[in-house]
1. Do we find that B:Pro76 is of a type outside the set (A, V, I, L, M) and either at pLDDT 80 or above or surrounded by fewer than 13 Cβ atoms within 10 Å (Cβ to Cβ) (or both) in this structure?
2. Consider the range B:39-55. How many of its residues are loosely packed, with under 15 Cβ neighbours inside 10 Å and either at pLDDT 80 or above or closer than 23 Å to A:Phe69 by Cα (or both)?
3. Is it true that some residue in the range B:175-182 is basic (Lys, Arg), within 9 Å of chain A (Cβ to nearest Cβ) and closer than 30 Å to A:Ala99 by Cα?
4. Restricting to the range A:283-318, name every residue that is outside any helix (DSSP H, G or I) and more than 9 Å from chain B (Cβ to nearest Cβ).
5. Which residue out of A:Pro255, A:Pro249 is open to solvent by less than 70 Å² (accessible area, probe 1.4 Å), touching a residue at least 60 places away in the same chain (Cβ under 8 Å), in contact with a helix residue (DSSP H, G or I) (Cβ under 8 Å, 6 or more places away or on another chain) and within 14 Å of chain B (Cβ to nearest Cβ)?
6. What is the residue count in the range A:173-197 for residues that are at pLDDT below 85 and either open to solvent by less than 30 Å² (accessible area, probe 1.4 Å) or closer than 19 Å to A:Leu121 by Cα (or both)?
7. Just one of A:Ala260, A:Ala270, A:Ala226, A:Ala233 is under 21 Å from A:Ala83 (Cα atoms) and surrounded by fewer than 22 Cβ atoms within 10 Å (Cβ to Cβ); which is it?
Amino acid sequence: MSAALLLLARGVAALAIPAAAAPLFLGWIGQCRAWLLNRRGPGVLQPYRDLARLFTKGRTCPEGAHALFRLNPAVQWVAAVLAAGLLPAFVARPPLDRAGDAIALVGLLAAARVVAVLAALDPAPPFGGLGARRTLLVGFLSEPALLLVLMTAALTAGTTSLTGLVHALTARPPALTPGLAFAAVAFLMVLLAENARLPVDNPETHLELTMIREALVLEYAGADLALLEWAGAVKFLVFALLGLALFVPWVFPAPGAGPARVALALLLTAAALALLGALVAFVEGASAKLRLFRVPAFLTTAFLVATIGLLVRLVPGP
Amino acid sequence: MGTTAFVGKVALAGLPPLGGFLAEWLLLQDWLTTPRVFATPSNLLLPLAAALFALTAALAAYVMVKFYAMTFLGRPREPRLVHARDAGPDERWGLGVLAVLAAILGLAPGAVLAFLARPAASVLAPATALATGSAWTVTFGATGASYAPLPLLAGAGVLVLALAAVRRLTGASARAPVVRPLWACGSPPPGPRAQDTSEGFGQPIRRVFAPFFAVSREIPDADDPRPRYAVRVSDRLETLLYAPLPGLIDRLTRPAARLQQGRLAVYLGITLGTLVLLLLGIRWL
């Protein structure tokens, strides 16, 4: 009985902690960007205030929209939180770990992207089609690069199960090999592309013709929009945690560790996320948004860098 | 009809939780975790093949979205489609059976794989790793990576219940969404022609894969009284490799047509000559 309760508690923790922490991650990145621009910034809790404000507003629905449009915010949120529940980031062995591995995580996020695109096309909007085309373009070019990075890690660890990856990669000495460095650069580029950050997409744009992800959420308001923004934040956190799992897995709690070790691991994870957020803020602040027709070149570069990383990793060293 | 098409689309696009994703998962498991990638130099192409496979799967998702969106979503794009009716019960039953089979294939992967295990083992090399598992899970080999769509759906169900409970508790469910005209960023209300057509939706693919296509465009001037837009796309590989083949075969077989004189004596003479040649050949060998 108590084992079942413990399992339930672990499951709830694995799902709830990333969902609650995701807006904080976004707020930290926004605060870093403000500091880089020599401004005071809105504070790291600003996304929570935005979500609270959106939840109090009423929802709207355009004429002619069907169930797909109405259900989309819930589907996005559920898919993002479920993907976060697969990662052994805050809980050493999440109960859903046997249900999905790294490939299933990528597939889950791809399925959520397809549903978001279809929901944007449902009420026949002019900018929804634009956002749909562009989102799918970024999606189909970034998947091979992401897969090559995952493959580099999986060939080292011998498995694609997320806990297995973390366990095997932790057992290796923490050294920055050239293969890993290339793979990390490729992963950073894919992270920026998939989560609609600069230089691929400006998340604060209000010019419709420059939108990629924003155009998918134009017709939503109130609690629907809050769920969509929250889902975007959770997806960003999922990618960040995946990056930590592949490149610095020793910050995660090891299975069977005592409470002191777990607390230390949580502190280390938070510190690693803060560093990653600062890096993302720096890269965003230092780049201008790419022309849309340059985005395939950007993603092909990510693919080539990932290929180099994989081949450097595969060629036996001295 | 839209629901069965949606199920088929999700399965074909290789998205979880249906069957296409299971196939993708198994292929990638084999390619990603095989130790034989170090065995021969040519096996180093395996990871690149896996990446190309991921590109193909993502393109399949794109094309399936295009198919479903252009057919079922939005407003009718041509005047005669305004009177389109949904399919009758016979068609719905037939395609519904296929949709249910696609769902079963995806949701009970272990059962399907157990069904296919014996025929597969009889044609593959003995040391080939096969996926195993209970009816609802599929595990791959000794690596321990597993995929079980039903627990994932159960987890999703728990989250949906949590959302619904929060909505009920905060009284938000009492406020249904307000229906209003399309926002479209304040532009004047667009007509049905402002939507994407199938050609328009495929424009990013034509642009990214431009070297593989021969595209001829007809774009009118700004002051053309009767503007006409036309695009013709053809596959370069098809024109270079496949199109010459019928002509080549034709040229090779044309001399044989000269033997077909239509006179019985000529045919009997040819048969006799072939028989004599064969007998001489066998004697000689």
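1. Answer is no for this residue.
2. 2
3. no
4. Once the filter is applied, which keeps residues that are outside any helix (DSSP H, G or I) and more than 9 Å from chain B (Cβ to nearest Cβ), the range A:283-318 yields A:Ser287, A:Ala288, A:Lys289, A:Leu290, A:Arg291, A:Gly317, A:Pro318.
5. The match here is A:Pro255.
6. 1
7. None of the others qualify; the one that does is A:Ala270.
Condition check ((1) in a helix (DSSP H, G or I); (2) open to solvent by less than 50 Å² (accessible area, probe 1.4 Å); (3) more than 25 Å from B:Leu73 (Cα to Cα)) across all residues:
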position	(1), (2), (3)
A:Pro47	yes, yes, yes
A:Phe55	yes, no, yes
A:Ala65	no, yes, no
A:Trp77	yes, yes, no
A:Leu82	yes, yes, yes
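The values are calculated or read from the model by the stated rules, or taken from the named source; none is laboratory data. Please read all numbers here as calculations on a predicted model, not as lab measurements. For neighbour counting, all protein chains shown are included, and Cβ atoms are generated from backbone atoms with ideal geometry for every residue, glycine included. For accessibility, only protein heavy atoms count, side chains too; no ligands or nucleic acids. Shrake-Rupley method; radii C 1.70, N 1.55, O 1.52, S 1.80 Å.
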